[in-house]
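Below is one structure, written out as structure tokens; the observations come after it.
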Amino acid sequence: MTEAVNRHALANRLARAERRGKIRAFLLVAPLLAFVILSFAVPILGLIGQAGYSDMVSTSMPKTATLLLQWDAKSPVTEELCASFVTEFKATKAIDPAMPSRIATFVNREYSGSLSKLKAVANATLAAPYCQALSDLNDEWSKLDIWHALKLVAPSFSPRYFLQAIDLRLNADGSIRAESDENAIHIALFGRTLMVAALVTLFCALLGFPVAFLLAQLPAKTSNLLMIVVLLPFWTSLLVRTTAWIALLQQNGVINDLLVALGVIADDNRPVMMYNMFATLVAMTHVLLPFMILPLYSVMKGIKPNFVRAARSLGATSFTAFWRIYFPLTIPGLGAGCLLVFILAIGYYITPALVGGQSGQLISNIIAFHMQKTLNWPLASAIGTLLLVGVLVLYWLYNRLVGIEKMKFA
Amino acid sequence: MKMTTGMTALLGAVAALSLTAAAHAGQITVVSWGGAYTTSQVEAYQKPWMTKTGNTIVSADYNGGLAEVKAQVQSGNVTWDVVDVETSEGVSGCNDGLFEKIDASKLPKGDNGAAPLDDFVPGAITDCAISTIAYANIFGYDSTKFPGDKPTKVADFFDTKKFPGKRGMKKEAKVNLEMALMADGVAAADVYKVLATKEGVDRAFKKLDTIKSSIVWWEAGAQPPQLLASGEVTMTTAYNGRLFTPAVTENKPFVIVWDGQQQVFDTWAIPKGSKNKEAALDFIAFSTSTKPLADQAKYIPYGPARKSSAPLVGKFQDGKTDMAPHMPTNPENMKNAIVQDVKFWADHYDELNERFIAWIGK
């Protein structure tokens with residue numbers, strides 16, 4: 001009886017102590033967790049939200065938005081819609097003087113050229129009948145195109161940026177059309193990005209494996225020195241490394257000059273090694289190589305030489321011993337390295353932007369272009385979200401095929 | 001005990017820092033494009049203004065575009081007070097609610113007494129942005145690369161048979177499309193009319209197609225002179241001042257072709273929600289007055305946006321190079337020139353850039 005009570009009390013005390021330990025552990029992680037949520041998760045979710053949600057039109061012009069959504073996009077625009085549009089659109093100035101032009105910028109993405117027409121409405125004095133007044137102001141208002149654009153921006157939730165990210169466009173009547181040939185590029189670039197990432201991973205594996213093997217075999221003193229050589233690029237700015245490749249590879253660069261001086265190539269026949277896909281592959285492989293070598297090295301360091309010796313003593317050739325015994329043991333490191341390099345390569349942007357020219361542009365360069373130049377953040381977010389989803393899917397597949405718990409990252 | 005001393009020292013340092021911040025209440029952050037251009041602004045605008053008002057200026061560089069301004073305004077954490085943008089960006093940023101409105105009629109009169117709205121050249125004043133200078137998008141070449149015939153016309157830029165070598169171009173639709181049309185024989189006056197049609201855009205891209213494989217893209221204004229100097233390209237588009245400075249001060253063999261030049265204004269704008277709006281406005285009023293605008297031409301060959309500044313433009317800082325022939329507004333350089341159509345680009349920027357970036361990627 002007492003023993004049972006004692007045991008019970010003991011279990012309680014143990015549970016309490018464990019709970020205290022957990023809370024203490026959580027408190028230790030809490031600052032980092034808060035930091036990650038605030039500086040990483042919140043902005044990412046905010047940007048993803050931007051891609052599919054905007055209530056600018058639906059809250060500032062609620063009646064017009066409702067009428068536009070009810071409209072079938074085929075029949076002529078009703079006077080009720082014209083009147084509601086003119087009054088509400090002009091009234092948005094009260095929310096913010098820049099509101100009409102902000103809405104106009106938004107609409108202009110769906111129908112190029114509508115910005116100046118909308119701004120003209122905001123500044124004009126119009127009287128009933130409004131449809132007539134609008135078409136008097138500009139003939140464009142008697143056509144349906146600009147109203148189609150307004151209908152597209154009216155709902156708060158819209159898949160149009162996601163569709164645009166995969167080279168499709170949403171029509172005002174809800175149907176979907178393919179992007180015109182001259183503007184369609186995203187699918188092709190997603191494909192190119194995956195191919196470049198796969199190639200860079202392959203090159204990193206081919207180049208990194210022997211280096212890691214060498215590092216693992218050498219005595220500590222020499223291998224430490226070599227390790228510094230491997231890590232040196234890690235400590236150098238990405239920009240500096242990329243610019244160094246420009247100096248090496250360009251038309252009048254170090255390598256071309258050397259080849260000409262040695263008489264290998266003619267002066268007027270220098271190969272183009274810069275501002276193309278070749279330069280992108282070379283520079284990215286160099287920049288990402290440490291991410292392959294480090295996990296490989298840490299795994300190889302832990303492989304006991306006895307295994308290979310045992311294989312040899314049982315009659316295996318050196319190749320068989322390597323291929324059947326040593327290589328399978330390095331898979332956790334190789335797998336981790338490939339995953340790191342591949343995922344980093346998919347999002348790479350500065351290196352291709354600087355050395356890629358036109359054939360070396362990747363999807364991330366399009367994202368940057370829309371972030372910085374066209375300020376079309378919703379589209380940039382939509383493309384970025386698709387990229388993120390793609391990476392997660394690949395990660396999931398990888399986990400199913402290789403198993404992430406077996407990886408050794410360093 | 002030791003710890004307390006440390007703490008006191010730390011607290012003292014913090015207090016000292018906040019005191020410094022308080023003493024510099026009149027401090028503004030001015031952001032521009034860097035290089036020789038920013039130097040000219042520091043010498044002609046910033047130093048005299050700091051001397052006059054006792055305020056200080058933190059000068060920062062950027063690469064153009066409105067992304068940073070948009071990020072600051074949207075997050076409500078505006079750290080830039082004055083930013084140098086092209087007119088078209090001044091207008092689109094104003095449309096997007098990113099800039100404060102500026103009442104140009106309150107700017108100082110010209111030194112000759114002209115009212116500000118009359119004194120600025122047409123197009124130099126927009127709702128949110130006040131122009132300082134007009135620069136030109138031109139193309140230049142390395143004269144040592146063409147010992148025989150020299151390029152003289154905008155069409156020569158697209159003639160890689162007669163003038164072999166790579167071409168540098170800015171990675172943006174603006175300027176390149178207009179240039180392609182002019183090279184294809186469209187008269188300067190009709191460029192934007194043609195570009196407003198689907199056929200016109202097709203025609204421009206078709207012309208660009210002819211040299212696509214020879215183009216090296218640049219993004220920052222400092223790149224074109226580097227591309228020319230390294231021999232990576234034999235011809236490149238550039239801002240005229242960026243080729244002038246190395247040609248005059250370092251005797252580089254760079255020659256500017258004015259045929260088909262495209263003039264653009266550079267303007268000052270105040271990001272919406274700037275914490276030092278009053279001081280920022282004062283700086284803009286000072287720097288866009290007659291004398292500072294004329295002084296800037298001592299350092300870079302960009303034309304002042306005020307008519308009253310033009311007669312005051314003299315020599316380069318070396319004291320011997322006459323600036324007038326190097327100005328985009330010099331009549332000799334204006335024979336075949338266009339002024340960038342800000343309204344056209346506000347309407348078509350997104351559409352044409354989407355097509356442009358798709359064209360590059362193919």
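Here are some notes:
- Out of A:Gly360, A:Gly347, one residue alone is touching a Ser or Thr at 6+ places or on another chain (Cβ under 7 Å) and within 22 Å of A:Leu294 (Cα to Cα). It is A:Gly347.
- Residue check for B:Ala305: hydrophobic (A, V, I, L, M, F, W, C) and surrounded by fewer than 22 Cβ atoms within 10 Å (Cβ to Cβ): no
- So B:Ala294, is it aliphatic (A, V, I, L, M) and either modelled with pLDDT of 95 or more or closer than 27 Å to A:Leu248 by Cα (or both): no
- Count of segment A:260-275 residues which are away from every other protein chain (no Cβ under 12 Å), at pLDDT 85 or above and on the phi < 0 side of the Ramachandran plot: 7
- Meets criteria (within 14 Å of another protein chain (Cβ to nearest Cβ) and of a type in the set (Ser, Thr, Tyr)) for B:Tyr349: yes
- Restricting segment A:56-97 to residues that are away from chain B (no Cβ under 14 Å) and among the acidic types (Asp, Glu) leaves a set whose member that is most open to solvent (accessible area, probe 1.4 Å) is A:Glu80.
- Qualifying residues in segment B:96-120 (those that are out of contact with any Cys (no Cβ under 9 Å at 6 or more places or on another chain) and within 19 Å of B:Ala71 (Cα to Cα)) - the one most open to solvent (accessible area, probe 1.4 Å): B:Asp96
- Taking residues in segment A:80-94 that are within 13 Å of A:Ala65 (Cβ to Cβ), and partners anywhere that are outside any helix (DSSP H, G or I) and of a type in the set (A, V, I, L, M, F, W, C), the pairs with Cβ atoms closer than 7 Å and at least 6 places apart or on different chains are A:Leu81/A:Trp71; A:Glu88/A:Met61; A:Phe89/A:Met61; A:Thr92/A:Met61.
- Consider segment B:39-78 and keep the residues that are within 16 Å of the chain's Cα centre (by Cα) and within 14 Å of another protein chain (Cβ to nearest Cβ). The one that is surrounded by the most Cβ atoms within 10 Å (Cβ to Cβ) is B:Leu66.
- Check on B:Lys362, basic (Lys, Arg), open to solvent by 40 Å² or more (accessible area, probe 1.4 Å) and free of Cβ contacts under 8 Å to residues at least 24 places away in the same chain: yes
- Pairs, first in contact (Cβ under 8 Å) with a residue 24 or more places away in the chain in segment A:244-261, second among the charged types (D, E, K, R) and open to solvent by less than 50 Å² (accessible area, probe 1.4 Å), C-beta under 8 Å, six or more apart: A:Gln250/B:Glu232
- Flag for A:Ile350 being of a type outside the set (S, T, N, Q), within 19 Å of B:Gly361 (Cα to Cα), open to solvent by 50 Å² or more (accessible area, probe 1.4 Å) and within 14 Å of chain B (Cβ to nearest Cβ): yes
- Among the residues of segment A:139-191, those identified as more than 14 Å from every other protein chain (Cβ to nearest Cβ), within 23 Å of the chain's Cα centre (by Cα) and part of a loop (DSSP other than H, G, I, E, B) are A:Ser158, A:Pro159.
- Taking the criterion of being more than 21 Å from A:Ile343 (Cα to Cα) and aromatic (Phe, Trp, Tyr), the only residue of segment A:198-239 that qualifies is A:Phe213.
- There is no residue in segment B:334-345 that is in contact (Cβ under 8 Å) with a residue 40 or more places away in the chain, crowded, with 20+ Cβ neighbours inside 10 Å, over 19 Å from the mean Cα position of the chain (by Cα) and within 14 Å of chain A (Cβ to nearest Cβ).
- Identity of the residue in segment B:103-161, free of Cβ contacts under 8 Å to residues at least 60 places away in the same chain and small (Gly, Ala, Ser), that ends up nearest to B:Gly90 (Cα to Cα): B:Ala104
- Test result for A:Phe213, in contact (Cβ under 8 Å) with a residue 60 or more places away in the chain, of a type in the set (A, V, I, L, M, F, W, C), closer than 30 Å to B:Glu351 by Cβ and open to solvent by 30 Å² or more (accessible area, probe 1.4 Å): no
- Identity of the residue in segment B:266-286, within 14 Å of another protein chain (Cβ to nearest Cβ) and hydrophobic (A, V, I, L, M, F, W, C), that ends up surrounded by the fewest Cβ atoms within 10 Å (Cβ to Cβ): B:Ile270
- Flag for B:Gly93 being within 14 Å of chain A (Cβ to nearest Cβ) and either under 30 Å from B:Val313 (Cα atoms) or touching a strand residue (DSSP E or B) at 6+ places or on another chain (Cβ under 8 Å) (or both): yes
Per-residue answers, yes or no, for (1) of a type in the set (Val, Ile, Thr); (2) open to solvent by less than 30 Å² (accessible area, probe 1.4 Å); (3) within 11 Å of another protein chain (Cβ to nearest Cβ); (4) closer than 17 Å to A:Leu152 by Cα:
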{"position": "A:Met99", "(1), (2), (3), (4)": "no, yes, yes, no"}
{"position": "A:Asn108", "(1), (2), (3), (4)": "no, yes, yes, yes"}
{"position": "A:Pro129", "(1), (2), (3), (4)": "no, no, no, no"}
{"position": "A:Leu137", "(1), (2), (3), (4)": "no, no, no, no"}
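- The set of residues from segment B:307-333 being more than 19 Å from B:Gly241 (Cβ to Cβ) and either within 14 Å of chain A (Cβ to nearest Cβ) or of a type in the set (Lys, Arg) (or both) comprises just one member, B:Lys307.
- Yes/no for A:Asn171 being of a type in the set (S, T, N, Q), on the phi < 0 side of the Ramachandran plot and open to solvent by 20 Å² or more (accessible area, probe 1.4 Å): yes
- Single unsatisfied condition, A:Asn276 versus (1) open to solvent by less than 50 Å² (accessible area, probe 1.4 Å); (2) touching a helix residue (DSSP H, G or I) at 6+ places or on another chain (Cβ under 6 Å); (3) within 24 Å of B:Gly231 (Cα to Cα): (2)
- Number of residues in segment B:218-265 that are open to solvent by less than 10 Å² (accessible area, probe 1.4 Å), within 14 Å of chain A (Cβ to nearest Cβ) and at positive phi: the value is 0.
- Members of segment A:298-318 found to be open to solvent by 70 Å² or more (accessible area, probe 1.4 Å) and closer than 28 Å to A:Ile404 by Cα, listed by number: A:Lys301, A:Lys304, A:Pro305, A:Asn306, A:Phe307
- Condition check for A:Leu386: more than 22 Å from A:Gly46 (Cα to Cα), at pLDDT 90 or above, in contact with a Phe, Trp or Tyr (Cβ under 8 Å, 6 or more places away or on another chain) and open to solvent by 10 Å² or more (accessible area, probe 1.4 Å): no
The values are calculated or read from the model by the stated rules, or taken from the named source; none is laboratory data. In this text the structure is predicted, and so the values were computed from the model without any measurement. Don't worry about glycine lacking a Cβ; one is built from the backbone with ideal geometry, like all the others, and counts go over all protein chains shown. In case anyone asks, the SASA skips ligands and DNA or RNA and just uses the protein heavy atoms, side chains included. Shrake-Rupley method; radii C 1.70, N 1.55, O 1.52, S 1.80 Å.
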